[in-house]
Amino acid sequence: MPTADGSPSNDKLWWSLDIGSAHFVSYDTEVYFARPDLIEAQLEFLHTDLAKASSPEQRKKVPWIVVFGHRPMYCSNIDGDDCTTPESKVRAGLESVFNKYGVDFIIEGHEHSYERLWPVYNETVTQYNYINPKAPVHVISGQAGCNEHEGVCVNPIKSAKGKWSAFSSWKPGMYGYGKLKFFNATHAQWSQIFDINSMTEDSSMIVQHNHGPF
């Protein structure tokens, strides 16, 4: 992964960069399962990076903050993964950090399905709309593909698992991908697209006039 001085790192798999009006941060969820010795190093990076990105001066220049990592903090899947339990290791380790600095979007994968959440923190939905969210918006966009059970993804969703689930989809063999478009400092749109025909499966506009810590 790229580092501040441009040299590669084989173990510290986190980094950030600005693209247009958004600050993107990549974080490593696997430290909570395979490399606990790196947990504190990643947290130090996240606090330092997000404190700068969420400062009033910086958010005037780059208003949106998007973080993305492999494993979700919440999910409606019934496969027994970390996100299916109230004792999620990823959520316990990272949710309060992202909420503290007013992260707008948390984009996740791992589950080979799609799910969009209402703004949520500590398993509590802050509102059932996306007008000036008071917590991060989680999106699980894991439909890009998999090689499980003869090509059929085995991460089923039967129904919403919590009030935080706004929309979910698990269609075996139907792959898809997400698009995040920033129109300006206050309006952004998330869309989930079917790969086979480029049709939009789900889309929501997020409006935020109050970028900053929640």
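Points worth noting:
- Ratio of Rg to Rh for region 4-138: 0.95 [Cα atoms; Kirkwood radius as inverse mean 1/r over pairs].
- Average projection area in nm² (convex hull over Cα atoms of region 51-99, one quarter of hull surface): 4.1 nm²
- If you sort His70, His110, His209 by accessible surface, 1.4 Å probe, largest first, the order is His209, His70, His110.
The values are calculated or read from the model by the stated rules, or taken from the named source; none is laboratory data. Predicted, not measured: the structure shown is a model, and the values here were computed from it. Quick note on the areas: whole protein, heavy atoms, side chains included, nothing else; ligands and nucleic acids left out. Shrake-Rupley method; radii C 1.70, N 1.55, O 1.52, S 1.80 Å.
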